[in-house]
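Before any comments, here is the structure.
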């Protein structure tokens, strides 16, 4: 009986974790270059990285972050695309205070 309760608890916890990890609901703000930005950022990390960091970001920080993703983490972003990504991010995901 004890093993059955532990098995049920384990299954319940697994289903909660799977639900919490579901990122299909994370969608960037609908505006020009949303799909472009999603495609470039989601290759390496979750889109919640963008939304979680937005309160402390400005244009310069987004530029530095995109450059860091390229330089340190090898993000496959071409130099010609950096301005486009930074423009979208700094227009929609910055600290407005």
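The values are calculated or read from the model by the stated rules, or taken from the named source; none is laboratory data. The structure presented is a predicted model; accordingly, all values stated were derived computationally and were not measured. Methodologically, a virtual Cβ is constructed for each residue, glycine included, from the backbone with ideal geometry; neighbour enumeration extends over all protein chains shown.
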note = Those residues of the range 23-42 that are under 15 Å from residue 83 (Cα atoms) and outside any helix (DSSP H, G or I) come to a total of 2
ask   = Among the residues of the range 43-69, how many are farther than 14 Å from residue 88 by Cα, in contact with a helix residue (DSSP H, G or I) (Cβ under 9 Å, 6 or more places away or on another chain), part of a helix (DSSP H, G or I) and touching a residue at least 12 places away in the same chain (Cβ under 8 Å)?
value = 3
task = From (1) within 12 Å of the chain's Cα centre (by Cα); (2) on the phi > 0 side of the Ramachandran plot, pick out the condition that doesn't hold for residue 51.
result = (2)
ask   = Looking at residue 75, is it more than 15 Å from residue 28 (Cα to Cα) and not in a helix (DSSP H, G or I)?
value = yes
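Checking the conditions here, which among 63, 72 is buried (at least 16 other Cβ atoms within 10 Å of the Cβ), over 13 Å from residue 36 (Cα atoms) and at pLDDT 95 or above? First the steps, then the outcome.
Details: 72 fails: buried (at least 16 other Cβ atoms within 10 Å of the Cβ).
Sole residue among the options that is buried (at least 16 other Cβ atoms within 10 Å of the Cβ), over 13 Å from residue 36 (Cα atoms) and at pLDDT 95 or above: 63.
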